[in-house]
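A.B. asks: What follows is a structure written as structure tokens; I'll ask about it next.
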Amino acid sequence: MPDEKTSNTHTPAELLSIAVHQLRAPLTRNKWIIDTLLHDEEAPPSDSVKELLTSINEDNERAIVMVNDILKASREEAVTIEDPVIVNIVDIIEKAKHNAEYIASVRTISFTVDKKTDSPLLVLADPRKLMYVFENLFLNSIKYTPVGGSVSIRIDADDTKVHVAVSDNGMGIPDADKEFIFEKFYRASNARLMDTEGTGLGLFIVKQIVEKNKGDISFESTENKGTTFLVSFPLASRV
Ligand code: ADP
């Protein structure tokens, strides 16, 4: 029961959500200002200013992504399944792969997909949320794999389920961190050292979405060798 004597009627989670929401406005405004300065035809920026603005823009974009992630988790908007429909999961995986390809190429990471079947694999799910799942898994694999490494996606099906494996030969997850990896805000010790900007929210949201769509998610990982995330969903009954 909330404390009736407190004048503040918000829970801590709500306060966080409000504060983060307020952070989004200046970030969006910065984005607009940077964009205007970068594309000012009457007073084009010099090369050095352009370089600076581009770098500020990248930081700003990262901050926007983080703020959005936090908002999604705190509002639980991310895990509300809207209008499940029958979709070919292969199409969704290919689109998500396409969206992550640029980052893989910048990091010279080979990024491949291996389909064990040519038939469409139909599942009953919310397509936007499925995109979120695969984009997150692909971007994590790319992020936690050193330059020049490899990420591969394997799509397979049995009579009742589709199985997707996302494997990388990156930093892996230390044994001591494994049991917490799907917890909200949790980041493994090696990931915190390497990349200070993650939120530890992506996998928390991914797991909720997978489970709300009646799927399963697990992983196998060896530190300094690599990680495989395994996701499966029931196939929609054949027509
Ligand atoms: P973030 O990437 O923002 O830290 P996530 O919730 O997506 O948050 O991931 C949680 C943690 O799981 C990461 O911080 C990292 O420790 C670990 N992790 C996720 N994917 C991988 C991967 N492919 N390889 C190694 N560690 C991973």
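A.B. asks: For the range 118-169, how many residues meet the condition of being of a type outside the set (Lys, Arg) and under 22 Å from PHE182 (Cα atoms)?
C.D. replies: 29
Condition check ((1) among the aromatic types (Phe, Trp, Tyr); (2) over 22 Å from the mean Cα position of the chain (by Cα); (3) at pLDDT 80 or above) across all residues:
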residue	(1), (2), (3)
PRO12	no, yes, no
SER17	no, no, no
ASN30	no, yes, yes
THR36	no, yes, yes
ALA43	no, yes, yes
LEU53	no, yes, yes
ILE70	no, no, yes
ARG75	no, no, no
ALA100	no, no, yes
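A.B. asks: Within the range 214-226, can one find any residue that is touching a Leu at 6+ places or on another chain (Cβ under 9 Å) and among the aliphatic types (A, V, I, L, M)?
C.D. replies: Yes - at least one qualifying residue is present in the range 214-226.
A.B. asks: For THR227, indicate whether it is open to solvent by less than 20 Å² (accessible area, probe 1.4 Å) and not charged (D, E, K, R). If you could, list the steps in order and put the result at the bottom.
C.D. replies: Values: open to solvent by less than 20 Å² (accessible area, probe 1.4 Å): yes; not charged (D, E, K, R): yes.
Against the criterion (open to solvent by less than 20 Å² (accessible area, probe 1.4 Å) and not charged (D, E, K, R)), THR227 qualifies.
Residues checked against (1) surrounded by fewer than 16 Cβ atoms within 10 Å (Cβ to Cβ); (2) among the aromatic types (Phe, Trp, Tyr); (3) farther than 24 Å from THR199 by Cα:
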| site | (1), (2), (3) |
| --- | --- |
| ASP91 | yes, no, yes |
| GLU101 | yes, no, no |
| THR117 | yes, no, yes |
| THR145 | no, no, no |
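A.B. asks: Between PHE185, PHE204, which is open to solvent by 70 Å² or more (accessible area, probe 1.4 Å) and not polar (S, T, N, Q)? Please lay out each step first, then the result.
C.D. replies: On the way: PHE204 fails: open to solvent by 70 Å² or more (accessible area, probe 1.4 Å).
Only one candidate passes the filter, namely PHE185.
A.B. asks: So GLU42 fits all but one of (1) closer than 24 Å to ALA73 by Cβ; (2) not in a helix (DSSP H, G or I); what number is the exception?
C.D. replies: (1)
A.B. asks: Can you pull out every residue in the range 103-115 that is open to solvent by less than 80 Å² (accessible area, probe 1.4 Å) and not in a loop (DSSP other than H, G, I, E, B)?
C.D. replies: Answer for the range 103-115, where residues must be open to solvent by less than 80 Å² (accessible area, probe 1.4 Å) and not in a loop (DSSP other than H, G, I, E, B): ILE103, ALA104, SER105, SER110, PHE111, THR112, VAL113, ASP114.
A.B. asks: Please work out which residue is nearest to LEU71 (Cα to Cα), limiting yourself to the range 216-239 and to residues that are modelled with pLDDT of 95 or more and small (Gly, Ala, Ser).
C.D. replies: So, considering only residues that are modelled with pLDDT of 95 or more and small (Gly, Ala, Ser), the one nearest to LEU71 (Cα to Cα) is SER218.
A.B. asks: For the range 161-181, which positions are open to solvent by 30 Å² or more (accessible area, probe 1.4 Å) and within 20 Å of the chain's Cα centre (by Cα)? Show your work before the answer.
C.D. replies: Here is the first cut: in the range 161-181, the ones open to solvent by 30 Å² or more (accessible area, probe 1.4 Å) are 161, 163, 167, 169, 171, 175-176, 178-180.
Once the filter is applied, which keeps residues that are open to solvent by 30 Å² or more (accessible area, probe 1.4 Å) and within 20 Å of the chain's Cα centre (by Cα), the range 161-181 yields HIS163, SER167, ASN169, MET171, LYS178, GLU179, PHE180.
The values are calculated or read from the model by the stated rules, or taken from the named source; none is laboratory data. Because the structure is predicted, anything quoted here is derived from the model rather than measured. Every residue, glycine as well, gets a Cβ built from its backbone with ideal geometry; the counts of neighbours run over all protein chains shown. We work out accessible area using only protein heavy atoms, side chains counted, and drop any ligands, DNA or RNA first. Shrake-Rupley method; radii C 1.70, N 1.55, O 1.52, S 1.80 Å.
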